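Okay, so here's the structure we're looking at.
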Amino acid sequence: MSKGIARELTWIITSLWIAIFIAWVSDQWFWVLGAYLLLYLGRHLYSVSQFEKWIKGHSRVSYPPSSGFWGEVSHLVSRKQRSLEKHANLQLYKSEQFLAASMAMPDALVSLNETHQIEWFNRSARKLFVLKQSDIGRRIENLYRHPDFVTYLKRGHYDQSLVIEGVNQRPRVFSFKILPYHRVHKLLIVKDIHELYNLAQIRRDFVANASHELRTPLTVLSGYLEVMQDSVEPDSPWVKPLKSMAHQSDRMQAIINDLLTLSAMESETLTGDEGPVAIGTLLTQMQESMDQMTTEHSVSFEIDPALQIVGYEDPLKSVLTNLVSNAIRYTPSGGSITVRWYEDAKGAHYEVEDTGIGIAQAHIGRLTERFYRVDTARSRETGGTGLGLAIVKHILERHQAKLVIKSQVQKGSIFRCDFSPSRIVRKPISESEK
């Protein structure tokens with residue numbers, strides 16, 4: 001029992017005994033007890049009035065009732081009020097810290113609501129987009145009207161960043177990224193990536209130029225090697241060295257070709273226009289020529305012939321053959337490979353499943369890095385360049401698709417390409433295709 005309740009009970013018992021004594025002495029029980037009840041009710045009404053004024057912040061009541069039941073209630077309310085004030089001050093301090101940190105960030109930050117109206121922006125966004133305080137509440141696409149940004153904003157899919165060269169006459173490269181947060185709100189983050197973009201461009205140019213420069217002398221060497229192999233006697237000691245040299249020459253040629261392809265993917269120089277690509281037809285052609293790819297494996301195809309996607313045919317053909325070639329390369333003789341092309345609620349999927357040597361989980365995250373090999377010696381023996389999956393990754397990124405890899409050591413692997421439903425096109429099925 002609290003002290004306030006104890007004091008209240010003490011007051012009631014004491015005052016009641018006094019009232020009973022006075023009524024017994026005066027023999028006026030009705031009047032004395034009636035006066036006691038009126039006094040008790042009046043005391044409570046006065047305390048309630050003082051408590052209400054204190055709660056409402058009345059200027060004449062600077063402190064709550066300090067005795068009895070209402071004193072205890074006032075004490076509890078006052079303690080809770082101090083706790084809430086302390087919590088509110090802490091939250092205000094954290095909010096001020098967050099705002100100060102946001103203002104100091106070099107990246108431009110703009111908070112948007114569900115209709116893309118500006119709610120808040122930091123100092124960097126003010127400079128980049130030339131914003132004013134009066135722009136709060138206006139739609140961001142009305143203030144920055146770059147067509148690529150408007151398309152990106154309205155598309156509603158923000159998994160990837162948008163790169164724009166030059167913003168409001170600033171000759172630099174910027175990365176735009178939208179992060180949904182707190183239900184319907186969005187945070188627009190604009191990062192200056194000019195230096196990184198230039199470094200990446202220098203690297204791409206170097207790889208492309210070096211590959212082009214190496215192609216000509218390598219072609220000359222390959223030609224002379226062919227002539228020497230044709231002219232050497234079968235029992236000559238040069239047969240084996242020339243064969244090894246030709247094998248390494250072919251391998252270098254494959255690396256150069258893959259480097260040039262990868263350079264084209266990274267520099268976004270895909271030729272031709274996007275259009276419906278009959279993946280089922282390409283896989284059927286692959287199935288018919290499978291004897292040329294392998295005779296030591298059991299390869300089965302599960303194809304939806306009506307399922308097509310919008311994209312670039314030649315790069316997608318490279319994805320199809322690359323994944324199947326990898327499965328053949330890393331599946332021992334007698335193993336099985338299953339190629340699937342199907343559709344579900346999440347989109348279209350190209351899947352290659354094998355019963356090969358498998359890949360440890362520690363390597364899966366790095367498989368799409370250029371020249372990364374799980375087993376360098378085996379890759380060289382089988383003719384791998386270390387660039388195939390890097391090429392696949394970049395081609396899929398150009399098609400807003402992703403590569404999913406699942407594998408267990410000594411049990412096999414699954415490589416799956418996931419295409420979004422927006423790229424799916426279906427064609428009528430002829431009688432010959434059924």
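The values are calculated or read from the model by the stated rules, or taken from the named source; none is laboratory data. Being a predicted model, the structure only gives us computed values, none of them experimental. Here Cβ is always computed from backbone atoms with ideal geometry, including for glycine, and neighbour counts include all displayed protein chains.
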Residue set 232, 150, 173; condition without any contact (Cβ under 8 Å) to a residue 12 or more places away in the chain, surrounded by 14 or more Cβ atoms within 10 Å (Cβ to Cβ) and in the same structural domain as residue 129 (by TED's automatic domain parsing); output residue 150
Any hit, region 205-214, residues being out of contact with any strand residue (DSSP E or B) (no Cβ under 9 Å at 6 or more places or on another chain), within 27 Å of residue 137 (Cα to Cα) and either modelled with pLDDT under 90 or assigned to a loop (DSSP other than H, G, I, E, B) (or both)
no
Restricted to region 404-428 and to residues being part of a strand (DSSP E or B) and hydrophobic (A, V, I, L, M, F, W, C), the residue farthest from the chain's Cα centre (by Cα) is 425
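Here is a yes/no grid of residues against (1) closer than 25 Å to residue 252 by Cα; (2) outside any helix (DSSP H, G or I); (3) within 28 Å of the chain's Cα centre (by Cα); (4) not assigned by TED's automatic domain parsing to the domain that holds residue 402:
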position	(1), (2), (3), (4)
283	no, no, no, no
291	no, no, no, no
300	no, yes, no, no
316	yes, no, yes, no
321	yes, no, no, no
327	yes, no, no, no
338	no, yes, no, no
371	yes, yes, yes, no
389	yes, no, yes, no
Flagged pairs (Cβ under 7 angstrom, 6 or more apart or on separate chains; first in region 213-229, touching a residue at least 24 places away in the same chain (Cβ under 8 Å); second of a type in the set (A, V, I, L, M)) are 214/256; 215/256; 218/252; 218/256; 225/242; 225/245; 225/246
* To do: Report yes if some residue within region 349-358 is out of contact with any strand residue (DSSP E or B) (no Cβ under 8 Å at 6 or more places or on another chain), touching a residue at least 24 places away in the same chain (Cβ under 8 Å) and not β-branched (Val, Ile, Thr); otherwise report no.
  => no
| said: Condition (residue is within 30 Å of residue 198 (Cα to Cα) and assigned to a helix (DSSP H, G or I)) applied to region 234-249: is it met by at least one residue? | reply: no
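For residue 188, are the conditions met, namely being in contact with a helix residue (DSSP H, G or I) (Cβ under 9 Å, 6 or more places away or on another chain) and under 28 Å from residue 128 (Cβ atoms)?
So residue 188 passes the test.
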Of those in region 341-369 that are of a type in the set (Gly, Ala, Ser) and assigned to a loop (DSSP other than H, G, I, E, B), the residue surrounded by the most Cβ atoms within 10 Å (Cβ to Cβ) is 356
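Looking at the structure I just gave you, is residue 126 among the basic types (Lys, Arg) and part of a loop (DSSP other than H, G, I, E, B)?
No.
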Within region 305-319, the count of residues that are touching a residue at least 40 places away in the same chain (Cβ under 8 Å) and over 14 Å from residue 342 (Cα atoms) comes to 9
Given the conditions (1) in contact (Cβ under 8 Å) with a residue 12 or more places away in the chain; (2) surrounded by fewer than 21 Cβ atoms within 10 Å (Cβ to Cβ); (3) of a type in the set (Ser, Thr, Tyr); (4) outside any helix (DSSP H, G or I), every one holds for residue 331 apart from (2)
